[in-house]
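A short write-up of the structure that comes next.
Since every read-out is calculated from the coordinates, none of them should be taken as a lab result. Worth saying up front: this structure is predicted, and the values here are computed from it rather than measured. Methodologically, a virtual Cβ is constructed for each residue, glycine included, from the backbone with ideal geometry; neighbour enumeration extends over all protein chains shown.
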Amino acid sequence: MSTHAPVQAWRLRPAVPEDVEAIAELRAVVMRPDLERLGRYDEHRVRQRLRDGYEPGQTEIVELDGAFSGCVALRPHESDGWWLESFYLTPELQGRGIGTEVLAGLLARTDAERAPVRLQVLQGSAARRLYERHGFTTEHEDPVDVYMVRLPRTWPLAAASAEGFSFPSRTPRSRPTPRR
């Protein structure tokens with residue numbers, strides 16, 4: 001449990017192409033401990049994989065008091081539902097409730113669509129606990145990644161809870177490449 005007070009002044013905004021370097025750098029910082037633990041950290045590769053797959057139209061930027069503080073991408077899954085990726089918050093904001101609020105809003109929207117959400121998380125990552133608290137379960141895993149799914153839930157306020165969250169258009173896309 002965090003000892004930090006919750007942060008309230010955050011918002012999501014659509015990503016733009018110029019956000020790519022800030023996101024790539026944040027990705028490297030956030031993923032470094034887990035990738036090093038797994039023996040897979042490469043300072044160039046961790047950034048380049050983000051650059052190679054970055055799609056601003058499917059990415060939202062988390063801002064706190066107008067400053068870049070994180071991001072989340074939600075892409076159409078190849079078979080059904082959505083693929084959640086590139087969900088990063090600056091280390092100083094982790095554990096303060098922002099990730100929970102962002103994820104809850106996204107899931108309310110996918111629930112309103114009755115669409116499943118899939119993701120992958122590194123083995124041993126603390127982020128897995130966040131996803132499990134929100135109903136994600138393991139589909140399969142390998143020595144590096146855990147692939148998770150959350151089936152849609154329905155409740156009367158699902159659509160209302162999703163207010164303010166935008167989604168990319170549903171254009172066909174090949175299965176996401178793991179982003180280590």
Task: Tensor-based shape of the stretch 56-97 (alpha-carbon gyration tensor, a/c under 1.5 rounded, otherwise prolate or oblate) - done: prolate
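Can you classify the stretch 27-102 as rounded, prolate or oblate using the Cα gyration tensor, where a ≥ b ≥ c are the square roots of its eigenvalues, rounded means a/c under 1.5, and otherwise it's prolate if a/b beats b/c and oblate if not? Could the numbers behind the result be given before it?
Values: a/c = 1.60, a/b = 1.05, b/c = 1.53.
Because a/c hits 1.5 or more and a/b fails to exceed b/c, the stretch 27-102 counts as oblate.
Provide the packing ranking of 23-35, 138-150, i.e. peptides ordered by the mean count of other C-beta atoms within 10 Å per residue, highest first. Walk me through the intermediate numbers first.
Numbers: 23-35: 18.2, 138-150: 15.0.
Final packing ranking: 23-35, 138-150.
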